[in-house]
Amino acid sequence: MGTEIERKFLIASDDWRAEATDSVEMTQGYIAETGSCSIRVRIAGDRAWLNLKEIRLGARRGEFEYEVPAEEGRDMLRLFCDGDLIEKTRHRVRHGDHLWEIDEFAGLNLGLIVAEVELGSEDESVDLPAWVGEEVTDDSRYYNIKLVESPYSGW
């Protein structure tokens, strides 16, 4: 089984911006939520993926991801996602031994910026950058599927 181990943090300052190496605009939508998993399609630049992710709190979750033709991904968003989309720009920042992905949300989640770091194990040590704030790994409000249901602008 595919597994993702990821910790999620709020941003304490904009100092990360000077360290960003690249950025890509993303649009994603949720096709279904079964109670145990979400099924999502994501467009990033000129590429698309279909993703199945276990719904549970914590850093470790089962995840399967498959690249699909970009045009088919756009069709899936249009046909199956009812216009409820997550729009964001993902920035990548290398800090120490880890690559951080910083998601700067747009649309109804404008103003929310979240930093994520993927790990090889749940007990892996990670050097937290000074621009990282509160950890929200266990707060489901910050999961993208929850941001579709309850956007940041309404909190």
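We did not get these values from a lab; they are worked out from the coordinates using the rules stated. This is a predicted model, so every value here is computed, not measured. All Cβ positions, even for glycine, are placed from backbone atoms using ideal geometry, and neighbour counts span all protein chains on display.
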Amide H neighbours of ALA12 under 5 Å, counting only residues 5+ apart in sequence or on other chains, H built in-plane at 1.01 Å?
-> VAL132, GLY133
Crossing angle, helix 70-80 versus the chain [Cα axis fit, 0-90 degrees, rounded to tens] = 70
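Over all pairs of distinct alpha carbons, what does the Kirkwood formula give as the hydrodynamic radius of region 1-80, in Å? Display every interim value, and only then the final one.
Details: mean 1/r = 0.0696 Å⁻¹.
Averaging 1/r across every pair of different Cα atoms and inverting gives 14.4 Å.
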Quick one: which residues, 5 or more positions from LEU119 or on another chain, have an amide H under 5 Å from its amide H? H modelled 1.01 Å from N in the peptide plane, none for Pro or chain starts.
-> ILE5, GLU6, ARG7
Please report, in Å, the Rg and the Dmax of region 3-154, where both are computed over Cα atoms only.
-> 15.1, 42
What size of dipole, in debye to the nearest 20, comes out for region 3-154 about its Cα centre when the only charges are +1 on Lys and Arg C-beta atoms and -1 on Asp and Glu C-beta atoms?
-> 340
Using modelled amide H (1.01 Å from N, peptide plane; none on Pro or chain starts), what sits under 5 Å from the amide H of THR137, excluding residues fewer than 5 places away?
-> LYS8
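Counting Lys +1, Arg +1, Asp -1, Glu -1, what net charge surrounds HIS95 among other residues with beta carbon under 12 Å of its beta carbon?
Numbers: positive: ARG92, ARG94; negative: ASP15, GLU19, ASP97, GLU101, ASP127.
Once positives and negatives cancel, what remains is -3.
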